[in-house]
Amino acid sequence: MPLPANLRLNAFKYPIAFIRVIELVFIIIALSSINGWFYKLKFTCPSTNATTDLERTADFTTFSFDTIKVKSCDQPEQFVNLWKEGEGFSASSGFFYFVQALALISLLAGIFLYVVLWELYTNEGRVRLGDLALTALCFILFFFCSSIWWSSSNGIGFVGSQEHVTQLLKENPHFGVTEGVQIDTKNSLLTISVLCAWVSVVLYAVNTWYIWKEITPTPTSNPTSIA
């Protein structure tokens, strides 16, 4: 089946479009990594005559540690907060998702322009400048997003560590647990998401430069040339 005549698939031979594909790959990897993260906590309450069910568990995929409630040891019917206020990372993870989603939409729109609406793209200066502005905005957002998420991923590793959780269980009068804490998590996925975010910073910087250099018309350049 022949492709529509207005499709310009050869655009992917040039940096301005090819970089978009690489950006798409790293965004998908970053989102898949952060969505694959989980946290499982298991510990045993101190043995008392009043408590028959000694095992306690917590299983979640949210980064809001300070909202997680665990069944207490002294009153099994009561659920109490284990982590302290401020030991949550919902804001930074939400910002990470927002930037990734915005970048995903912008790069898909860019690919659509390059492949389907190339004539409009080359003939309408405002469209090219809009592409340049949106790409530059994504670069700036990715820079801040990567910095914030890098710091937050380190914080997640700390508040979810066995040493910190054991200390919290020891200090909390509802638990009084000093040993036997078991933790299962995938912080390596957070590392992957951070690395992908920083790679995206570089890719968007390069893409912004290519759009500025090759697409924005100058007295000595041909604005209809893709590279």
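Rule-based calculations on the coordinates, nothing more; no lab input. A quick note: this is a predicted structure, and the numbers were derived from the prediction, not measured. Please note: Cβ atoms are built from the backbone with ideal geometry, for glycine as well, and neighbour counts cover all protein chains shown.
V165: touching a residue at least 40 places away in the same chain (Cβ under 8 Å), closer than 30 Å to S47 by Cα, among the hydrophobic types (A, V, I, L, M, F, W, C) and not in a helix (DSSP H, G or I), yes or no? Talk me through it step by step, then tell me what you get.
Details: touching a residue at least 40 places away in the same chain (Cβ under 8 Å): yes; closer than 30 Å to S47 by Cα: yes; among the hydrophobic types (A, V, I, L, M, F, W, C): yes; not in a helix (DSSP H, G or I): no.
No.
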In the stretch 124-162, which residues are surrounded by fewer than 18 Cβ atoms within 10 Å (Cβ to Cβ), of a type outside the set (A, V, I, L, M, F, W, C) and without any contact (Cβ under 8 Å) to a residue 60 or more places away in the chain?
-> E124, R126, G130, S147, S151, N154, G157, S161, Q162
